[in-house]
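The structure appears below as structure tokens.
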Amino acid sequence: MTVLRFELLTGKFHATPWGRHVNEGAVEWPPSPWRLYRALLATGHRKLGWAELPPIARSLFERLAGHAPTWWLPRASGAHTRHYMPDFSGKTARVIDAFRVVPPQRGTTGAGGDGDLEGPAMYAEIGVELDSNEEELLRSLVTNLSYLGRAESWVAAEIVDSLPALRGYERVQAGERPEGTEASEPIKVLGVLDAKEYLLWRDQQLDLELELQLARDREAALGKGKPAPRQLSKRARARIEESLPPTIVDALYANTAELQGDGWSQPPGTCWTTYWVPRGARSEPIELVTHQERRPAVQGVLFSLSSDTARGEVLPPMKDALLRGELFHAAAVARAEEPVPPELSGRGPNGSPLQGHRHVHYLPLCLNGRGRDASPSRRR
């Protein structure tokens, strides 16, 4: 049994499940085996300098394929942020960034005992036996893993000797519903076929693709009044064979954009794996902590009136200053939260006017240098 620990450095986990749009706000929880093994494979090329897949790495991933980790997940809450991004037309499009929020967890040193508070983390148990070389390579891949999920899901990963006793974690396993867990709910994620199972699937899929292509070619030929071909050309057969990765490890290299462009509903070499998650384990209320911000006292605010004329010279006349001040006062009161502060409303708790001028004043100013000399009709 191999135990992996993933500390979520930001306390959040970002990952969009296969087949879901990012704006649906869905989060893959628990992480899929397909996501985990592809992340480890990519780490070898990005961090360990692989130009080609080493034989020991191929052996490692052939052993991992077909094994769905058993996850130990902390209580987490669903959350999202909304971003209004500019598009090519000059408008904005809403983009949702959904994630799981994981608080720090309390360990247990014994039955009911409190341990140290550790960072937000999740654990994965993989029931696979590895030789010393494979285990050493897996340890190197795991420790060099920088994120799991989307790029903002930063992790610090490691292989631990055993699963520590933790309070507040839920055991989430794949397969049939565990006994005594009637309160569990099924969550489907992308799993990875066993290496031998993949070869059987590939042979069946290849025969099906060849038959379908031959049927399409015959229909096209008959539509043009030509004889129907008896078999596919070598070129057409080779193209179809190349579209199916030769091994399960090669299938892990699949490019998502190319898969979608070729019309695949799910990547070759994958299967839907059902995890049984205890009800309520996917939702944990977040304690809101509010902070009152101390703002510096403001003695005065200068508003500048703008003009929509070509030269910007037509402004409200000074004789309308009282009316403009009253409009400013009404707008400020309307925007204030209840109860409106007396310094803003100008009235005390009983509704009577404040005494001593202890409230906001709206004073008109003429800053164009013409206020005293200009005629009344031209004062602005």
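Read the figures in this text as sums done on the coordinates, not as results from a lab. Keep in mind it's a predicted model, so treat the numbers as computed, not measured. Neighbour counts run over all protein chains shown; Cβ positions are idealised from the backbone, glycine included.
When the Cα positions of S140, F6, I96 are compared along the charge dipole of the chain, I96 comes out farthest toward the positive end, with charges on each C-beta of Lys, Arg, Asp and Glu. Non-local lysine pairs in the chain, meaning eight or more places apart or on different chains, with alpha-carbon distances under 26 Å, amount to 5.
Remark: relative contact order (the chain) = 20 percent; criterion is Cα-Cα distance under 8 angstrom and separation of 6 or more residues. Ellipticity at 222 nm from helices only: DSSP H runs of n ≥ 4 in the chain, each -39500 (n - 2.57), divided by the residue count, give -8500 deg cm²/dmol.
The packing ranking, built from the mean of other Cβ atoms within 10 Å per residue, places the peptides 201-209, 6-14 in the order 6-14, 201-209, highest first.
Computed over neighbours whose Cβ is under 13 Å from that of Y123, the net charge equals -4, Lys and Arg +1, Asp and Glu -1. Name the residue farthest towards the positive end of the dipole of the range 194-268 from the options L222, N255, Q266, assuming +1 on Cβ of Lys and Arg, -1 on Cβ of Asp and Glu, about the Cα centre. Selected residue: L222. Based on the reciprocal of the average 1/r between different C-alpha atoms, the Kirkwood radius for the chain equals 27.3 Å. For the range 140-197, what log10 I(q)/I(0) values come out of the Debye formula at q = 0.18 1/Å, with one point per alpha carbon and no solvent? Here the Debye-derived log intensity ratios amount to -1.12. Sites listed here are GluC sites (Glu not before Pro) in the range 125-177 whose DSSP assignment is loop and whose Cβ has at most 16 other Cβ atoms within 10 Å: E129, E152, E176.
Taking a sphere under 15 Å around the Cβ of K224 and counting the other residues whose Cβ falls inside, with K and R at +1 and D and E at -1, yields a net charge of +1.
Summing +1 for each Lys or Arg and -1 for each Asp or Glu among the other residues whose beta-carbon sits under 14 angstrom from that of D194 gives +1.
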